[in-house]
Amino acid sequence: MNENIKILVVDDEVNSTKLLKKVLARKGYAVDESNDSSEAQLMIKENTYNIVISDLQMPKLSGLDLLKTKPADCIFIMITGYGSVNSAVESMKLGAYDYINKPFNLEEFIIKVDKAAEKINLTNQLRNLRTMVEENYSFSSIVGKSKKMQVVFEFIKNVSKTNVNVLVEGPSGTGKELVSRAIHYNSPRKNGPFVAINCSAIPENLLESEMFGHIRGAFTGAVETQKGVFEQANGGTLLLDEIAEMPFSLQAKLLRVLETWEIKALGSDKVKRVDIRLISATNQNLKEMIKQKKFREDLYYRITTVTLTLPSLNERKDDIPLLVDYYLKKLGDKLNRTLSITPEAINILMKYDWKGNVRELENILERAVITSENDKLNVNEFKFLQISENAEENPFSSLDNVGLKEIERLYIKKILEENNWNKLKVAQILGIDRKTLYKKIKEYGFE
């Protein structure tokens, strides 16, 4: 990776720059040299150097003058004679990374340059990783152009600016964790941790410890102190996935934490304050669970400052071509193949009943790609799908001569029936307020 590191060596002594350039070039570094400090200043301004190695005492401009010229992400190493060590130390206080003495100890010189290069490479890797994470969990990773997905995008955009507790509802496979991550990475907390815990995947007797932590000896098997997810997420976002599966006894303890934002590890008397944004997710009807005394009503109102209901894939089938294109591109990059799909195969996918939602679509596409030698998927690759002969056709395909009012009536009725007449959810899907929905229900005589 040394060839990616660009170095400028500055010294008014020609022999010094030639020697250092030769040594650095042998290590694979890209090296420029200058014996004129004024020229070097222009070179620093006009080029992107990762490392500048400069003599301290030079005619015209000193090494300290060049140090003040360098960009913030450029590493500066000062060359100094033995009589100028104090000046070199002073330069480090002003932002120099290190200094080297004349006459040169070339082994020591290379070690210091290699360490500087290692720091640059690590910084670049971290920057690239953060960029990749932010891209993966930005809006670009949530695919859809349907009206229902536009509601989701608008919700993420608005709620990300706030610090309120969020409940994300939706069937399995609709992307609840993806949306939760998008909220985090588009919020002021994006530089803090994002921690997710699945409440259904951890045994009941261990869930409290996983959430709030424990100290050594708190219970049998607690051989060392462990932070809980609330403490791990401090300064960031915590996702409690499948919160409906949380034991009723633990819900009261969670409620208290949400009231005070204070936690106490198992076996400890020490109280710690936490600063987190809480997102909860569920595929169940929490209001129905409240009626059945399986979920605390007071906790429900604590976690649902705002609620987002994600549509199933069957509710947004017009997004399927876009989703297919996205996942085939992703699979193609992974398998080094250029993948595509025929319109006939897309039609098969449009007719399929997606009980597993987007996750199922991704899995089915991966199965089709892996089991086929064709880079262009056709209907033969999807013969394993069970498509009902009575698969629902587009309900609006034969409405060419029908007025807009009738289309609106049929569409609202369809959405109401698909969502069991949950008016709050239907209004959200339609992108209108509940008052307008009630007027439409009355206007069309649905009730």
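What follows draws every value from the coordinates through simple rules; no lab data is involved. It should be emphasised that the depicted structure is a prediction, and the values quoted were computed from it without experimental measurement. Glycine also receives a Cβ, built like all others from the backbone with ideal geometry; neighbour counts cover every protein chain displayed.
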Among residues other than Pro103 whose Cβ falls under 14 Å from its Cβ, what is the net charge (Lys/Arg +1, Asp/Glu -1)? -4
How high is the relative contact order of the chain, in percent, with contacts defined as C-alpha pairs under 8 Å that are six or more residues apart? 11
Which of the lysines could a cross-linker bridge to Lys383, judged by Cα under 23 Å and excluding same-chain residues fewer than eight apart? Lys317, Lys329, Lys330, Lys351, Lys355
What percentage of all Cα-Cα pairs in the stretch 207-322 are separated by more than 21 Å? 47
Subtract the Cα-Cα distance of Asn336 and Arg367 from 0.36 nm times their separation in residues, and report this length gain in nm to one decimal. 9.6 nm
Neighbour-count ranking for Ser38, Ser16, Ser249 (other C-beta within 10 angstrom, fewest to most) reads Ser249, Ser38, Ser16
To the nearest 500 deg cm²/dmol, what mean residue ellipticity at 222 nm is calculated for the chain from DSSP H runs of n ≥ 4 alone, each contributing -39,500 (n - 2.57), summed and divided by the residues? -14000 deg cm²/dmol
Quick one: Karplus J couplings for the stretch 301-317, per residue in order, coefficients 6.51, -1.76, 1.60, θ = phi - 60°, nearest Hz, x for Gly and Pro? 6, 6, 8, 10, 4, 9, 10, 10, 9, 7, x, 6, 5, 5, 7, 9, 5
Given charges of +1 on the Cβ of Lys and Arg and -1 on the Cβ of Asp and Glu, with all other atoms neutral, how large is the dipole of the chain about its Cα centre, in debye to the nearest 20? 1220
Would you work out which of Ile79, Leu322, Leu19 lies farthest towards the positive end of the dipole of the chain? Charges go on Cβ: Lys and Arg +1, Asp and Glu -1. Leu322
If I compute Rg and Dmax of the Cα atoms in Å from the structure I just sent, which labelled value in [x] 30.8, 95; [y] 22.6, 65; [z] 27.1, 104 lines up? [x]
To make sure I understand the rule: partners must be aspartates and glutamates, Cα under 17 Å from the Cα of Lys93, and not fewer than 8 residues away in the same chain. Which ones qualify? Asp55, Asp65, Asp73
Using 0.36 nm per residue of separation minus the Cα-Cα distance, give me the extension gain between Asn422 and Lys355 in nm, one decimal. 22.1 nm
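Could you sort out which of Lys176/Lys425; Lys6/Lys27; Lys115/Lys190; Lys119/Lys334; Lys253/Lys294; Lys22/Lys68 sit more than 18 Å apart by Cα distance in this structure?
Lys115/Lys190; Lys119/Lys334; Lys22/Lys68
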³J(HN,Hα) across the stretch 155-166 via Karplus (A = 6.51, B = -1.76, C = 1.60, θ = phi - 60°), whole Hz, x for Gly/Pro? 4, 4, 4, 6, 6, 4, 6, 9, 10, 7, 6, 10
What FRET efficiency would be calculated for the residue pair Asn380, Asn314, taking the C-beta separation as r and a Förster radius of 30 Å, to the nearest 0.05? 0.80
Residue-wise HN-Hα coupling along the stretch 274-284, computed from phi with Karplus coefficients 6.51, -1.76, 1.60 (Hz; x: Gly, Pro): 10, 10, 9, 9, 9, 10, 10, 9, 7, 10, 10
